[in-house]
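What follows is a single structure, written as structure tokens, with notes after it.
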2 protein chains.
Amino acid sequence: MRNPELVEVLRGSLVESRHRGAVAVIDADGAAVLMLGDGAAPVFPRSAVKPLQALPLIESGAADRYGFGDEELALACASHGGEPAHVAVASRMLARAGLDGAALECGAHWPSHQASSQALARSGGAPSALHNNCSGKHAGFLCVACMAGVDHHGYVAAGHPVQREVRAAIEALTGIGVSEDQCGIDGCSIPTWGVPLTALAHAFARFGTGRGLPPARASAAARLRAACAAQPYFVAGTGRFCSEVMKLFGARVLAKTGAEGVFCGALPDQGLGIALKCEDGASRAAEVMMAALIARYLPLSGDERAALERFMRPTLRNWNGIAVGGLRPATMLSSRRPGIDNP
Amino acid sequence: MRNPELVEVLRGSLVESRHRGAVAVIDADGAAVLMLGDGAAPVFPRSAVKPLQALPLIESGAADRYGFGDEELALACASHGGEPAHVAVASRMLARAGLDGAALECGAHWPSHQASSQALARSGGAPSALHNNCSGKHAGFLCVACMAGVDHHGYVAAGHPVQREVRAAIEALTGIGVSEDQCGIDGCSIPTWGVPLTALAHAFARFGTGRGLPPARASAAARLRAACAAQPYFVAGTGRFCSEVMKLFGARVLAKTGAEGVFCGALPDQGLGIALKCEDGASRAAEVMMAALIARYLPLSGDERAALERFMRPTLRNWNGIAVGGLRPATMLSSRRPGIDNP
């Protein structure tokens with residue numbers, strides 16, 4: 001199935017580049033609200049399912065045992081920028097379980113937050129696994145292992161008890177059995193399972209509302225949502241889409257990015273889950289798509305609509321700060337139409 | 001016209017992302033050798049036409065007057081990484097014309113070469129316009145202004161004599177008149193003119209062979225080609241596609257990348273010019289496309305084919321260095337077929 005053009009990149013008088021993609025907006029009962037492009041093909045959700053992957057941290061009792069609050073829980077759901085505060089919370093999570101950064105198996109990379117990266121270099125430092133954008137999630141995995149009393153070494157492998165728990169949570173929320181035939185290794189070395197966008201969106205509708213979930217799981221999801229809403233800085237970082245949007249809307253929006261142009265999210269008050277993928281893997285387009293869907297389905301005040309505009313129609317500036325173009329969503333994405341939008 | 005899928009991004013057992021694009025391979029007489037996708041729509045070539053934009057530097061006599069050798073001429077064609085040697089040559093070019101980095105109007109950014117960026121930060125430094133990937137091209141522009149005895153201030157504006165010369169060179173090589181209606185501002189603040197891929201490829205066939213050009217222009221093009229072949233490091237930098245490919249093939253390949261997924265190049269011995277654009281603007285895909293076209297049209301030894309493979313089918317590794325996937329060209333791009341490939 002051909003994916004439509006959903007985002008245009010403008011420069012001067014031309015459309016310079018175009019991004020295609022697929023979108024699924026699904027309610028908690030599994031009914032399709034909006035389908036654009038191929039929602040049935042398996043997609044690697046990558047980091048966009050971190051909120052689902054964090055469920056075992058709460059359900060196992062580890063979050064309570066180690067005294068985790070909103071900062072820790074938000075960081076467990078995060079693709080963070082490696083800013084000092086992110087690193088500090090990841091370290092604190094590990095320390096509560098008697099571990100340190102050496103236990104992390106996610107690999108090291110320079111902070112994606114440029115100022116933090118330059119400051120680290122300026123101090124003569126080098127990046128560690130704590131700076132990895134996934135270190136909060138991995139710290140959570142390690143806490144699950146410690147809580148269960150199992151050897152944490154190799155916790156990234158598909159066969160380790162921690163990853164089996166994570167897989168079970170994803171299967172329960174999405175309602176599908178994932179398969180080794182549709183599996184890849186993620187940037188941080190854990191398995192990423194191929195899931196159709198429709199199932200991912202349904203999972204986020206359940207996660208966002210608790211509908212159709214056992215009470216303990218609904219409660220765990222609510223606690224993670226509340227943590228992200230209370231501490232959005234710890235879900236991404238300074239100036240980043242997920243943090244800024246959740247700062248703007250609080251508990252009304254859950255938004256989580258993933259590599260290769262994936263975005264998942266929930267609009268709890270509307271009972272909707274969202275999953276999308278930019279076909280070519282571009283984050284810049286996935287962000288525009290996500291912003292357009294929030295604007296389409298969330299009732300907004302004038303101020304909120306204006307604040308969301310910079311994510312929905314971001315301006316491109318060159319090295320002299322001159323506005324040279326921008327991105328914009330295609331009309332089929334930004335316009336709500338009776339008969340297409342079911343609710 | 002719909003652009004075909006030309007590059008696949010693989011992870012585990014799935015195609016995770018897909019890149020569409022358009023390709024034009026044209027000979028010096030203007031005959032189409034290969035056309036895939038929309039070759040007629042105007043494309044902003046961005047930095048991919050830097051070799052054409054450097055023609056006035058030689059034709060004006062400035063390169064001779066200021067004693068420029070291969071390093072300076074290669075840097076004038078470059079999108080460099082801001083490595084110390086790049087910055088040194090840009091400074092030297094400006095000093096020869098009695099100027100310094102303060103005359104550059106390209107704006108400043110951190111070196112794209114990560115180690116140089118970290119070293120700059122570590123030393124307590126900050127980026128200047130000399131670190132801008134376009135500083136060599138801009139140093140060349142300033143030398144053209146000084147040679148002509150015109151005020152260099154505002155040399156980035158479309159109406160400045162330097163940009164009028166640059167525009168005239170592009171129009172002559174492409175054989176088309178560019179238009180204010182299809183114009184954008186580039187990252188470095190000079191105009192970028194919309195040109196069809198067919199015309200860009202024809203321009204590079206002429207640039208690569210000198211055919212159809214006045215003798216002085218053919219000679220200037222040959223001198224720029226020889227400079228890039230002799231000093232490919234100064235066209236891009238450590239580990240970068242353009243530098244590595246020209247190091248591998250010398251004068252047999254001219255390859256120049258541009259922002260938003262553009263690539264231009266020439267195979268002088270085959271008399272061919274190449275222009276391509278990845279529809280979504282992704283450099284990673286444009287590089288695979290360019291490598292596939294080189295492999296398709298340039299006779300290669302076994303060793304050369306093997307060396308080119310890492311650009312044509314690059315491996316993706318995660319933060320632990322594990323091979324998690326890769327990119328590959330679509331069959332229609334990598335396979336030469338009688339009846340489709342004219343020569």
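The values are calculated or read from the model by the stated rules, or taken from the named source; none is laboratory data. Since the model is a prediction, treat every value here as computed from it, not as a measurement. We place every Cβ from the backbone using ideal geometry, glycine too, and count neighbours over all the protein chains shown. Remember, those area values only see protein heavy atoms, side chains included, never the ligands or the DNA or RNA. Shrake-Rupley method; radii C 1.70, N 1.55, O 1.52, S 1.80 Å.
Ignoring ligands, DNA and RNA, how do A:SER334, A:SER243 rank by accessible area with a 1.4 Å probe, largest first?
The most accessible residue leads, giving A:SER334, A:SER243.
Taking 0.36 nm per residue of separation and subtracting the Cα-Cα distance, what length does fully extending B:ARG336 through B:ALA148 add?
Taking 0.36 nm per residue and subtracting the Cα distance, the gain is 62.9 nm.
Using the Cα centre of the stretch A:1-93 as the reference point, and only Cβ charges (+1 on K/R, -1 on D/E), how large is the resulting charge dipole? Debye, rounded to the nearest 20.
380 debye
What number comes out for the charge environment of B:CYS106, summing +1 per Lys or Arg and -1 per Asp or Glu over other residues with Cβ under 12 Å away?
Combined, the nearby Lys, Arg, Asp and Glu give -1.
What base-10 log of the normalised intensity I(q)/I(0) is obtained for the stretch A:112-197 from the Debye formula, alpha carbons as equal point scatterers, at q = 0.22 Å⁻¹?
-1.06
Any residues in the stretch A:281-329 that have 40 Å² or more less accessible area with all protein chains than in their chain alone, probe 1.4 Å, and which are they?
At a threshold of 40 Å² (probe 1.4 Å), the residues of the stretch A:281-329 that become less exposed are A:ASN318, A:TRP319, A:ASN320.
Name the residue farthest towards the positive end of the dipole of the stretch A:22-144 from the options A:LEU142, A:ILE26, A:PRO127, assuming +1 on Cβ of Lys and Arg, -1 on Cβ of Asp and Glu, about the Cα centre.
A:PRO127
If you wrap a convex hull around the alpha carbons of the stretch A:1-60, what volume per residue comes out, as a whole number of Å³?
Spelled out: Cα convex hull of the stretch A:1-60, divided by residues, is 140 Å³.
Got a sec? Charge dipole of the stretch B:214-343, +1 on Cβ for Lys and Arg, -1 for Asp and Glu; which of B:MET332, B:MET289, B:ALA251 is way out at the positive end?
Farthest along the dipole direction, towards plus: B:ALA251.
Where in the stretch A:1-45 does accessible area fall by at least 30 Å² between the isolated chain and the complete protein assembly, at a 1.4 Å probe radius?
The answer is A:ARG2, A:ARG11, A:SER13, A:LEU14, A:GLU16, A:SER17, A:ARG18, A:ARG20, A:PHE44 - residues whose exposure falls by at least 30 Å² when every protein chain is included.
In the stretch B:37-164, carbon and sulfur make up what percent of the accessible area (probe 1.4 Å)?
55 percent
Once you have the alpha carbon radius of gyration of chain A, what is it after dividing by 2.2 N^0.38 Å, with N set to its residue count?
0.95
On full extension of the chain, what length is gained from B:ASP100 through B:ARG317, given 0.36 nm per residue of separation minus the C-alpha to C-alpha distance?
Extra length from B:ASP100 to B:ARG317 when fully extended: 74.0 nm.
Hey, what does the equivalent ellipsoid look like for the stretch B:1-153, semi-axes from the Cα gyration tensor as sqrt of 5 times each eigenvalue, largest first, whole Å?
One finds semi-axes of 34, 24, 12 Å for the stretch B:1-153.
How high is the relative contact order of the stretch A:231-340? Use alpha-carbon pairs under 8 Å, at least six apart in sequence, and give a whole percent.
17 percent
Are any of the pairs A:LYS256/B:LYS256; A:LYS256/B:LYS50; B:LYS137/B:LYS277; A:LYS247/B:LYS256 more than 32 Å apart by Cα-Cα distance, and if so, which?
A:LYS256/B:LYS256; A:LYS256/B:LYS50; A:LYS247/B:LYS256
How far apart are the A:ARG313 label points across copies, placing each 7 Å from Cα toward Cβ, in nm, shortest first?
4.6
Among residues other than B:ALA229 whose Cβ falls under 10 Å from its Cβ, what is the net charge (Lys/Arg +1, Asp/Glu -1)?
Counting the neighbours of B:ALA229, the net charge comes to +2.
List the distances, in nm and shortest first, from the label point of A:GLY69 to the matching label points in every other copy, placing each point 7 Å from Cα along the Cα-to-Cβ direction.
So the label point of A:GLY69 gives 6.5 nm to the other copies.
What size of dipole, in debye to the nearest 20, comes out for the stretch A:122-280 about its Cα centre when the only charges are +1 on Lys and Arg C-beta atoms and -1 on Asp and Glu C-beta atoms?
640 debye
Within the accessible area of the stretch B:233-335, what % is carbon and sulfur when the probe is 1.4 Å and the other protein chains stay in place?
52 percent
What number comes out for accessible area per residue over the stretch A:186-258 if the probe is 1.4 Å? Units Å², please.
28 Å²
For chain B, what is the relative contact order in percent, using Cα pairs closer than 8 Å and at least 6 residues apart in sequence?
Relative contact order here is 24 percent.
In deg cm²/dmol and to the nearest 500, what is the mean residue ellipticity at 222 nm of chain B if only DSSP H runs of at least 4 residues count, each as -39500 (n - 2.57), divided by the residue total?
That calculation yields -11500 deg cm²/dmol at 222 nm.
Roughly how large is the A-B contact in terms of buried accessible area, totalled over both chains, probe 1.4 Å, nearest 100 Å²?
Counting protein atoms only, the buried area is about 3900 Å².
How big, on average over all directions, is the shadow cast by the Cα convex hull of the stretch B:135-276, in nm²?
8.6 nm²
If we restrict to alpha carbons, what Rg and Dmax does the stretch A:215-302 come to, in Å?
Here Rg and the maximum Cα pair distance are 12.8, 38 Å.
Got a sec? Charge dipole of chain A, +1 on Cβ for Lys and Arg, -1 for Asp and Glu; which of A:GLY12, A:PRO268, A:MET312 is way out at the positive end?
A:GLY12
Between B:GLY177 and the same site in the other copies, what are the distances in nm, shortest first, taking label points 7 Å from Cα along the C-beta direction?
Relative to the other copies, B:GLY177 has label-point distances of 6.9 nm.
Could you report the stretch B:1-141's accessible area per residue, 1.4 Å probe, as an integer in Å²?
Here the residues of the stretch B:1-141 average 30 Å² of exposed surface.
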